[in-house]
Structure formats: structure tokens, C-alpha cells
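Engineer: Below: one structure in C-alpha cells.
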Amino acid sequence: MARKYFGTDGIRGATNLSPMTAEMAMRVGMAAGAHFLRGDHKHRVVIGKDTRLSGYMLENALVAGFTAVGMDVVLVGPMPTPAVAMLTRSMRADLGVMISASHNPYADNGIKLFGPDGYKLSDADEEAIEALIDGTVPLVPSAEIGRAKRIEDARGRYIHFAKSTFPEDLRLDGLKIVVDCANGAAYQVAPSALWELGAEVVAIGVGPDGKNINAGVGSTAPGVLQETVVASGADIGIALDGDADRLIVVDQDGAIVDGDQLMATIALGWARRGRLNGGGLVATVMSNLGLERRMAREGLELIRTKVGDRYVLETMRSRGYNVGGEQSGHIILADYGTTGDGLVAALQILAEVVRAGAPAGEVLHHFDRVPQVLKNVRYDRGAKPLEAAAVIDVIAAAEAELAGKGRLLIRPSGTEPVIRVMAEGDYAAQVEATVDRICDAVRAAA
């Protein structure tokens, strides 16, 4: 069943335009609250947000919706997405809400929902909530309206949790770390946690003004972090995104370390210590072939899923894996959390660097990336270029040519009329030519 409001990661859009309006936020609160009114206990929802200007508006609207159907609301203010998931579980709440559009510009915002177990909602729950959004939600009598309360120690609770994931026998003394918080949700908690573990911390992207979240800083714009690491003589740099569920690292020379290398670092380290479950890790179809080959050399498996951290997590849960993620830096460590957590993943990376006693660039480089080319071809809505005989023939020829030497991935975008054509292999020129041939065929059929 096609969903009207929910995408792959909640509801998202430009604020004050449908669906990201205050009216919609109130209706989401009413619908989600009514859906999770189960049992005769006092019901509770935890609401966190990042630092976007529109967060105030959406927060108030959500409070109105939840309290109108009888739910109490706990407000925790600017907090990382994984912190909201953690607090939802620890406070025995029925529902958790994160107001954020992740790495998007400040003018966008979104609403992410977590169930009482701290996991993102199932498709069935989202479809049921959508039906209530467009329907009529019964309001409670005036005596049963919920209450709203803001708690002041939420940051401390999350910092304590994050620090508890770092090995007790290790410290960060002697490490100079630059942390870029993207002017987002982790601008207070990430520097504090690193400092409390003994690091010398240089913090950037920690001056949110409501409009500068992800603006030239953070995991999607690591240039300032690279410059700061080199200029300050730091040992390593850590970049989070606006809601701190994504991590990118910069080594001591300013070189970017992407999610594939970070997943390899954690998986291989955990395997050496006998704590890697499932015999490998879970990644998406976009992860580099070099990662797959590196895992194979260690007798470990790389399981691939569709693009999206929710698909990674579903596979991890169903097959018993405890490490997974995306090349973009969403890293899920099931031993510690129910969603991607940039700070917790960073602490695992730092633990490996401390244990090795070597420069970050040496510790975090596990494989050479196989040449990879990704191009997009736009087509008219309603057209079906991938069903054209000429396109099918070109793709079949390309797969035969790359057999044993590379990998081909062709998929329609889930959000726009675009065909994404990706190929990777041992020979850069061959990969480039393969992608171009397929793109030309798709254009001709579009």
C-alpha cells in the first residue's frame, strides 16, 4: 500500500508547506497518540528536536495534538535522534518523536516516530496513523487532557549512556579530537562526552542560530573539519549531521574516512574480540565492492540491502547481525541502540585508534576503494525506460562484461523520476564507459 505522508524516514518537507505545517504536526500528534493509546496505564510520549527555527512551531503543535488525545508529553529539547530512541525506552514511554530533517537545510523539517521499543515504526503502524490523520480522531474529555513537562537532565542522561558504550579500560587522554556538530542536535552532548572521557576537544559547528544547521559544516560538508584538523594538529576529526545519527571521520592528514571504512573498522575489531554477531555485517547496495572483498578475506560476509537505514536494521534484526550501516555514515550497532548513533559509533572508532596506538589514517584504512561511478538519468513520469528491449540488452551485455570483475546496480529513485546507474570494477575506464552506455540507452528509451 502506497503511503501518502510517510517516506523512508518519517514525514519530511519544506516547513510551512504541506505536509510540514503546524496543522499537520498537530494531526500527526493526535493520530499517533490515538494509535498508541493501548492499555489502561498513563500514556507518555517523548519529544526531542534539532536546532531548526521551525522546531519550536512543530514542537508546540505536536504537544497540542498528543495532549488532546490524552497523552502526557515529555520535552527534552535539542537532542540527537538516537537519544530520543534511548529515552523512549528508558522512560517506558509509549512513543518517541524526533523533530528533524537530518542533514537537510534549515528550511526543511521532519517528524520521525519511534515505538515503545525504541525502533522506528513498522509500515503497518505508519499506514494506520496515516488513516487517522485523514480521518476523525476522538478527543478526550477535558479532565483527561494530557500534561506537558520539560525535563532538564536529558542531556546528562544521554551523555552517560554514550560514555557507557566506551570500553571501561580505555581513556581518550592524549588524543586531540576535532568534533563538528553541524550546528545541530549534538552541539552540547558530543563535545561534553569526549571531554569527560579525557580528550582534548576542539569543537566546531556548535553555535546554532536556528538557520545554520548543516550550513557548510557537518558530515555532508566536511571541508571545515578537514582544515581544522590539519591546522590544529589534531589526531582525528569527527563530523556528525544535523540530528547526529550519521558519522564521517577525518584522519590526522585531513583525509575523509567514509562509512564503509568505519564499518570495516568496527566489524573487524569486534571480530578479533569475538563479539561480532552473524559472521559479518549488513550494508546497502551502495557500499563499495572493496568492503565486500575485505570482509571475504577475513572469512566474513557482507549482506546487502536496499538503500535506507531502515532496511539495514530490518535485516540485522531478522538475521542476528550487530553491525550494519551505510556508506554515508549511518552506522547501527545493535549492542547499544535501535537506530544509527553518530556519537556511539565515533566512540567505537576512537577505541580502535586508542588500542592500536597508531595514527588514525593507518588504523581506519582497511581496503582500497574499487573505482565506482554513479550517474542519474531523468525521465518523463509515466515512462518505463528500464522495460525497453534496447535497455535490457545493454544491461545484460554490461553484466556479462563485468562478471567476476565488478558490479552493476541500476535502480529508479524512490523520490524523483530518475534512474540511478552505478557500476564499479577494477578498471576505472571500463566502469565509466559501462555507465555511459547504459545512460545513453536509458535516455533514448525515456
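The values are calculated or read from the model by the stated rules, or taken from the named source; none is laboratory data. On a predicted model such as this, the values are computed, not experimentally measured, just so you know. Positions of Cβ are backbone-derived with ideal geometry, glycine not excepted, and every protein chain shown enters the neighbour counts. We work out accessible area using only protein heavy atoms, side chains counted, and drop any ligands, DNA or RNA first. Shrake-Rupley method; radii C 1.70, N 1.55, O 1.52, S 1.80 Å.
Engineer: Cα centroids of the stretch 17-60 and the stretch 177-214: how far apart, whole angstrom?
Structural biologist: 27
Engineer: Return a whole-number percent for the relative contact order of the stretch 1-143, with Cα pairs under 8 Å and 6 or more residues apart as the contact set.
Structural biologist: Reported as a whole number, the value is 30 percent.
Engineer: Listed highest first by mean packing, meaning other Cβ atoms within 10 Å per residue, what order do 182-194, 269-281, 91-103 come in? Numbers along the way, then the final one.
Structural biologist: Values: 182-194: 27.4, 269-281: 16.6, 91-103: 25.7.
Descending packing order for the listed peptides: 182-194, 91-103, 269-281.
Engineer: What does the helix-only formula give at 222 nm for the chain: each DSSP H stretch with n ≥ 4 adding -39500 (n - 2.57), the total divided by the residues, and the result rounded to the nearest 500 deg cm²/dmol?
Structural biologist: -11000 deg cm²/dmol
Engineer: Continuing with the same structure: Of all DSSP beta bridges in the chain, what percent run antiparallel (nearest 5)? Spell out each step's value before the answer.
Structural biologist: Details: 34 of 63 bridges.
Around 55 percent of the beta bridges assigned by DSSP in the chain are antiparallel ones.
Engineer: If you add up the charges near residue 284, with Lys and Arg at +1 and Asp and Glu at -1, over every other residue whose beta carbon is less than 9 angstrom from its beta carbon, what do you get?
Structural biologist: Summing Lys and Arg as +1 and Asp and Glu as -1 gives 0.
Engineer: Roughly to the nearest percent, how much of the accessible area of the chain is carbon and sulfur, given a 1.4 Å probe?
Structural biologist: 51
Engineer: Filter the trypsin sites (Lys or Arg not before Pro) in the stretch 319-376 to those in DSSP coil with at most 15 other Cβ atoms within 10 Å of their Cβ, and list the result.
Structural biologist: Taking the stretch 319-376 and a limit of 15 other Cβ atoms within 10 Å, the loop trypsin sites (Lys or Arg not before Pro) found are 369.
Engineer: Take the chain, connect every pair of alpha-carbon atoms lying under 10 Å apart with a spring to form a Gaussian network, then pick out the residue of 381, 420, 304 with the largest mean-square fluctuation.
Structural biologist: Greatest mean-square fluctuation among the candidates belongs to 381.
Engineer: Now for a different question. Taking the Cα centroid of the stretch 280-323 and of the stretch 253-279, what is the distance between the two, rounded to the nearest whole Å?
Structural biologist: 12
Engineer: Using 7 Å Cα-to-Cβ label points, what is the residue 253/residue 143 separation (nm, one decimal)?
Structural biologist: Between residue 253 and residue 143, the simple spin-label model gives 7.3 nm.
Engineer: To continue, here is another question. Roll a 1.4 Å probe over the protein chains and send me the accessible area per residue for the stretch 195-293 in Å².
Structural biologist: 33
Engineer: Sorted by mean Cβ packing within 10 Å, highest first, what order do the peptides 306-312, 141-147, 167-173, 50-56 take?
Structural biologist: Averaged packing, sorted descending, gives the order 50-56, 306-312, 167-173, 141-147.
Engineer: Can I ask one more? How large is the accessible surface per residue of the stretch 1-157, computed with a 1.4 Å probe and reported in Å² as a whole number?
Structural biologist: 42
Engineer: Additional query: Counting heavy atoms of the protein chains only and a 1.4 Å probe, report the per residue accessible area for the stretch 315-413 as a whole number of Å².
Structural biologist: On a per-residue basis, 44 Å².
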